[in-house]
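Visitor: My questions all concern the structure below.
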């Protein structure tokens, strides 16, 4: 017998809030104001975890996990976007 489980996934947009590079994770603030955890393994191939900065726009899926909702499939938004400049 094969048992399949259904996972509810919602697509959202937001901005990188904080990256904790030495731990390999960070947080995204969605347009609805909620913060979502993400792990470096959740990034699409076009995003480099080590180069992420706060304020960078992203799109992502929201998926339930045992510890609550988390961001998966984190990617840059479609179309042109800009990466915030580092303070001088």
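The values are calculated or read from the model by the stated rules, or taken from the named source; none is laboratory data. Worth saying up front: this structure is predicted, and the values here are computed from it rather than measured. Cβ coordinates were reconstructed from backbone atoms using ideal geometry, including for glycine residues, and neighbour counts include every protein chain displayed.
Visitor: Looking only at residues that are in a loop (DSSP other than H, G, I, E, B) and surrounded by 10 or more Cβ atoms within 10 Å (Cβ to Cβ) in the stretch 8-26, which one is modelled with the highest pLDDT? Steps first, answer last, please.
Guide: Step one: list which residues in the stretch 8-26 are in a loop (DSSP other than H, G, I, E, B), which gives 8, 21-24.
Among the residues that remain, those that are also surrounded by 10 or more Cβ atoms within 10 Å (Cβ to Cβ) are: 21, 24.
On the way: 21: 92, 24: 95.
Among those residues, the one meeting the criterion is 24.
Visitor: Now a separate question. Taking residue 43 as meeting all but one of (1) modelled with pLDDT of 95 or more; (2) touching a helix residue (DSSP H, G or I) at 6+ places or on another chain (Cβ under 9 Å), write down the number of the exception.
Guide: For residue 43, the failing item is (1).
Visitor: Residue by residue through the stretch 49-66, note down the ones that are closer than 17 Å to residue 24 by Cα and either surrounded by fewer than 17 Cβ atoms within 10 Å (Cβ to Cβ) or more than 14 Å from the chain's Cα centre (by Cα) (or both).
Guide: 50, 51, 53, 54
Visitor: Restricting to the stretch 67-85, and then to whatever is loosely packed, with under 10 Cβ neighbours inside 10 Å and part of a loop (DSSP other than H, G, I, E, B), can you tell me which residue is modelled with the lowest pLDDT? Talk me through it step by step, then tell me what you get.
Guide: The initial filter retains those residues of the stretch 67-85 that are loosely packed, with under 10 Cβ neighbours inside 10 Å, namely 67-68, 78-80, 82, 85.
Cutting the leftovers down to part of a loop (DSSP other than H, G, I, E, B) gives us 67, 78-80, 82, 85.
Values: 67: 90, 78: 81, 79: 71, 80: 60, 82: 53, 85: 59.
Taking the candidates together, the pick is 82.
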